[in-house]
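Let me begin by presenting the structure, written as structure tokens, before commenting on it.
The values are calculated or read from the model by the stated rules, or taken from the named source; none is laboratory data. In this text the structure is predicted, and so the values were computed from the model without any measurement. Cβ sites come from the backbone with ideal geometry, for glycine too, and all protein chains shown count toward neighbours.
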Amino acid sequence: MSQLSDRRSTREVHLTFIRANTLVLVLLGLLILAGGIVRSSGSGMGCPDWPRCFGLWIPPVQENELPVDYQSIYADRGYADTRFNAVKTWTEYLNRLLGALTGLAVLLHMIFALRTFWGKNKSVVVWSFVALLLVVVQAGVGALVVMTHLRHGVVTFHFVLALAVVALVLKARYSAMPLNTKIPAFTGSPSTILPLRWQAWLVLVLMLVQIILGTQVREQVDEWVRLSGTIYLNTSELFRSLGSVYEWHRNFWMVVLMASIYLFYSVDRNLGPGTLRTLALGVLILLGLQVLTGGLLSRLGLPATPRALHILFGSISFSLTMALAFRLEHVFRQMLNSATDRFRSDDLTANRNTTQIHG
């Protein structure tokens, strides 16, 4: 009875951690969406200082609430083009508030992991702690983005760091899953899972390359707008000026999509219905939506809404692929653990039989 109670308690603690982990992942997804909205709406400099906004903890809603010479003040700080825009200011400010809320959630997630898993599974604590450290670094990079006036490489690094935090939180999630739980009824063996693991990691690398290419294209678009002095995009002229990076980004999606289709086919053929197949299918659907929004961007002149959705779909598909890779790693370890237990059980049974015969 005591063992049953202990198992039930362990299961409840694990489920509570998974719920907390899910909440953190949702907040991270919302934060990435908010960042996409900030980026696509040109609100990155809506607050020209950090951590305050126009020198205030809560920014104004009208320009007349600022000092008359506020433009001169910020011109002396290197922001000669600063002009208050309530929509852009509050878009950036709400993005910062969501970032602070997400950072607090990651902190509480780490504390919960520390109290729950330190004596049982230290890897969960380690991954949660590294995620928290990266969130702190991310906050510093966010400040650097403002101080460098949206310098291109810094903005790209800021986005890639957000994806790295998602990866660490997902790693903590799958590290918390015990290896002695029942394995789904797969028809394969550890040797079946092994190539699927490598396929998932390959798709993840290809996606990361495509994401970085996309951020480079976006940086070139921003530079073109700055040099041309207009926000009205002549897309035919713009795309001709972007060069090879745009061509690579426009065509490389076919490589990513074909690799993802093959991964889904392999998972479906070898493992059948289940969580892994659902994850692989989700990756395909989101990639399709990302390609669709990418096509809308090039045809409609880079409107803001498809830009934000393009970033969101790419980020979620990348996150689902990470979840699939970590889940395959976990199932592989489960299978090895189960095979080892069966070997020990068979060996123990054989020893007992031998003892009985000789007895």
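Only one entry of Leu279, Leu302, Leu312, Leu287 meets the criterion of being in contact with a Leu (Cβ under 7 Å, 6 or more places away or on another chain), outside any helix (DSSP H, G or I) and either modelled with pLDDT of 90 or more or not assigned by TED's automatic domain parsing to the domain that holds Leu33 (or both), and that entry is Leu302. The residue that is modelled with the highest pLDDT, among those in region 129-152 that are closer than 23 Å to Leu213 by Cβ and touching an Asp or Glu at 6+ places or on another chain (Cβ under 8 Å), is His152. Within region 114-167, restricting attention to residues that are surrounded by 14 or more Cβ atoms within 10 Å (Cβ to Cβ) and aromatic (Phe, Trp, Tyr), the residue that is farthest from Ile316 (Cα to Cα) is Phe117.
Beta carbons closer than 6 Å, at least 6 apart along the sequence or on distinct chains, pair a first residue in region 135-146 that is within 18 Å of Val169 (Cβ to Cβ) and in the same structural domain as Leu168 (by TED's automatic domain parsing) with a second that is in a helix (DSSP H, G or I) and of a type in the set (Gly, Ala, Ser) for Val135/Gly103. The one condition from (1) in contact with a Cys (Cβ under 6 Å, 6 or more places away or on another chain); (2) within 28 Å of Val217 (Cβ to Cβ) that Arg96 does not meet is (1). The numbered conditions (1) among the basic types (Lys, Arg); (2) at pLDDT 80 or above; (3) assigned to a loop (DSSP other than H, G, I, E, B) are all true for Lys88 except (3). Tyr79 satisfies every condition listed in (1) buried (at least 16 other Cβ atoms within 10 Å of the Cβ); (2) modelled with pLDDT of 80 or more; (3) not β-branched (Val, Ile, Thr) except (2).
Each row is one residue, and each column tells you yes or no for (1) touching a strand residue (DSSP E or B) at 6+ places or on another chain (Cβ under 6 Å); (2) over 27 Å from Phe157 (Cα atoms); (3) at pLDDT below 70; (4) in a helix (DSSP H, G or I).
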position: Gly188; (1), (2), (3), (4): no, yes, yes, no
position: Leu204; (1), (2), (3), (4): no, no, no, yes
position: Gln216; (1), (2), (3), (4): no, no, no, yes
position: Arg226; (1), (2), (3), (4): no, no, yes, yes
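Residues that are under 25 Å from the mean Cα position of the chain (by Cα), not aliphatic (A, V, I, L, M) and not in a helix (DSSP H, G or I) do not occur anywhere in region 57-66.
Reported count of residues in region 32-58, each being free of Cβ contacts under 8 Å to residues at least 60 places away in the same chain and crowded, with 17+ Cβ neighbours inside 10 Å, is 5.
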